[in-house]
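Novice: Provided herewith is a single structure, encoded as structure tokens, for subsequent inquiry.
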Amino acid sequence: MHVLVFAAASSLVFAAVTLAQAQAQAQPAGKVVQVRIGTVSPLSGPSAHAGKDIENGARMAIDELNTKGIVLGGSKVQWVLQPEDDAADPRTGTTVAQKLVDAKVAAVVGHLNSGTTVPASKIYANAGIPQISPAATTPVYTNQGFKTAFRVVANDNLIGRTLATYTIGTLKAKKIAVIDDRTAFGQGLADEFVKGVKKAGAGASVVSRQFTNDKATDFNAILTQIRARDPDVIFYGGMDAVAGPMLRQMKALGLRAKLISGDGVCSEKMPQLAGDALVDDKVYCVVAGGVGAAQEAGLNAFTKRYQQRYKIPLQTYAPYAYDGVMVFAKAMQTANSSDPARFLPALAAVRHEGVTGSIAFDQKGDLRDAAMTIYTFRKGQKAKLAVLR
């Protein structure tokens, strides 16, 4: 009897141990938490190619982070991207900003356009959600005093001044016409360029100031007025979707002036939009970022990975969106938390070597020691001319 009781008890103990082992194997070693990062950019409309570039760059960062097994506060992190379309429209931009707040995202990479970035930034600031813009250049964005607003590109003050100096000093322009699309980005950049021309002096002057809009297709009236002034250079504040057709009409009207612009025109789609009007050294544009020779290999490797993954050319903003996500992740790891209130101080003090260069922020949230890269187009391809700081 005692033998039978002992055997039965042993069997129960063995079964209990086996069940406990099976349960331990079935359960994860630690809790998994989701960290959701939003991106906002125009995924529809004329600038959809640039907006998708932002989403693609951010997604590459998210996927890379998910291979690293990052742990925050004792929990393994699953990184999730939530892309939203603001259609480059300020009202839509605020709507999707609130949507991301309601979704309790930890951070936002966006928006592309200055006109959507500024109104949306107020919503993120009120919710305490950090925002990094990979593209918006208006000084208004970081002059609002929001502790949540950052960017990884130079602002219009620097870009306008740099373009003016380059136009007068390198291209030797004397007579300059200016056109902008009346958006926050286009008008702001054109205004800063005009200030730069006036400050540079050197016998150069603005001989015509004209306006269009970001959906225009017919520029004959303003270009005819400009042609009468025979400028050396036409500066355009706006995006490639307008600059391409404008360049075609410049050719049709026999305008010999070079076209100068900001990063909205420095896209891989510009040759397609401008067609045979994009002759060599006709267009000069600046991207609000840039790397020196020592960092060029990293950016080139990123570009290659991008093209292999998406089977399309990188436009302009993907590496900045990628770096934006990585900067957020670094700040969270420093703070050991994805709670915006806890990692925001680490974000403000971050130092990160990204594919777009060294990233650190000043007290406003602007990029310290921001670089700019001057490009032209030759044989239908962007050709890098210089990196300026």
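The values are calculated or read from the model by the stated rules, or taken from the named source; none is laboratory data. Small disclaimer: the values here were computed from a predicted structure and weren't measured. Because the Cβ atoms are built from the backbone with ideal geometry, glycine has one as well, and the counts that use them run over all protein chains shown. With ligands, DNA and RNA removed, areas are computed over all heavy atoms of the protein, side chains included. Shrake-Rupley method; radii C 1.70, N 1.55, O 1.52, S 1.80 Å.
Okay, residues lined up against (1) modelled with pLDDT under 95; (2) closer than 30 Å to ALA318 by Cβ; (3) among the hydrophobic types (A, V, I, L, M, F, W, C):
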| position | (1), (2), (3) |
| --- | --- |
| VAL13 | yes, no, yes |
| THR18 | yes, no, no |
| ALA22 | yes, no, yes |
| GLY57 | no, yes, no |
| ILE70 | no, yes, yes |
| GLY93 | no, yes, no |
| LYS104 | no, yes, no |
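Novice: When residues of the stretch 359-384 are filtered for being touching a residue at least 12 places away in the same chain (Cβ under 8 Å) and open to solvent by 20 Å² or more (accessible area, probe 1.4 Å), how many remain?
Specialist: Here is the first cut: in the stretch 359-384, the ones touching a residue at least 12 places away in the same chain (Cβ under 8 Å) are 359, 361, 364-367, 369-382.
Of the ones still in play, those that are also open to solvent by 20 Å² or more (accessible area, probe 1.4 Å) are 364, 367, 369, 375, 378-382.
So the count comes out to 9.
Novice: Related question: Out of all the residues in the stretch 196-232, which are free of Cβ contacts under 8 Å to residues at least 40 places away in the same chain and at positive phi?
Specialist: Scanning the stretch 196-232 gives GLY201, ALA202, GLY203.
Here is a yes/no grid of residues against (1) surrounded by fewer than 17 Cβ atoms within 10 Å (Cβ to Cβ); (2) at negative phi; (3) of a type in the set (Phe, Trp, Tyr); (4) part of a helix (DSSP H, G or I):
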residue: VAL40; (1), (2), (3), (4): no, yes, no, no
residue: HIS49; (1), (2), (3), (4): no, yes, no, yes
residue: LYS68; (1), (2), (3), (4): yes, yes, no, no
residue: ARG91; (1), (2), (3), (4): yes, yes, no, yes
residue: VAL96; (1), (2), (3), (4): no, yes, no, yes
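Novice: Moving on. Which condition does THR165 not pass, out of (1) more than 30 Å from GLU55 (Cβ to Cβ); (2) touching a Ser or Thr at 6+ places or on another chain (Cβ under 7 Å), if it passes all the others?
Specialist: Among (1) more than 30 Å from GLU55 (Cβ to Cβ); (2) touching a Ser or Thr at 6+ places or on another chain (Cβ under 7 Å), THR165 violates only (2).
Novice: Looking at (1) open to solvent by less than 50 Å² (accessible area, probe 1.4 Å); (2) without any contact (Cβ under 8 Å) to a residue 24 or more places away in the chain; (3) of a type in the set (Ser, Thr, Tyr), which is the one condition that is false for THR170?
Specialist: Result: THR170 passes all but (1).
Novice: Select, from PHE193, PHE235, the only residue that is over 20 Å from ALA274 (Cα atoms), touching a residue at least 40 places away in the same chain (Cβ under 8 Å), open to solvent by less than 50 Å² (accessible area, probe 1.4 Å) and not small (Gly, Ala, Ser). Let's see the steps before the verdict.
Specialist: Numbers: PHE235 fails: over 20 Å from ALA274 (Cα atoms).
Of PHE193, PHE235, the one residue that is over 20 Å from ALA274 (Cα atoms), touching a residue at least 40 places away in the same chain (Cβ under 8 Å), open to solvent by less than 50 Å² (accessible area, probe 1.4 Å) and not small (Gly, Ala, Ser) is PHE193.
Novice: Going by the conditions given, is GLU64 surrounded by fewer than 20 Cβ atoms within 10 Å (Cβ to Cβ), closer than 19 Å to GLY324 by Cα and not basic (Lys, Arg)?
Specialist: Numbers: surrounded by fewer than 20 Cβ atoms within 10 Å (Cβ to Cβ): yes; closer than 19 Å to GLY324 by Cα: yes; not basic (Lys, Arg): yes.
For GLU64, the condition - surrounded by fewer than 20 Cβ atoms within 10 Å (Cβ to Cβ), closer than 19 Å to GLY324 by Cα and not basic (Lys, Arg) - is met.
Novice: How many residues are outside any helix (DSSP H, G or I) and surrounded by fewer than 24 Cβ atoms within 10 Å (Cβ to Cβ) if we restrict to the stretch 107-129?
Specialist: Of the residues in that region, 2 qualify.
Novice: So in the stretch 294-334, with the set limited to residues that are surrounded by fewer than 18 Cβ atoms within 10 Å (Cβ to Cβ) and β-branched (Val, Ile, Thr), which one is farthest from PRO345 (Cα to Cα)?
Specialist: ILE312
Novice: Find the residue count for the stretch 86-114, including only residues that are among the β-branched types (Val, Ile, Thr) and more than 27 Å from VAL265 (Cα to Cα).
Specialist: So in the stretch 86-114, the residues among the β-branched types (Val, Ile, Thr) come out as 92, 94-96, 101, 105, 108-109.
Imposing the further condition that a residue be more than 27 Å from VAL265 (Cα to Cα) reduces the set to 95, 101, 105.
Residues that pass the stated criteria total 3.
Novice: For the list (1) closer than 24 Å to ASP263 by Cα; (2) at pLDDT 95 or above; (3) in contact with a strand residue (DSSP E or B) (Cβ under 9 Å, 6 or more places away or on another chain), I need the number of the one condition that VAL80 fails.
Specialist: Result: VAL80 fails condition (1) only.
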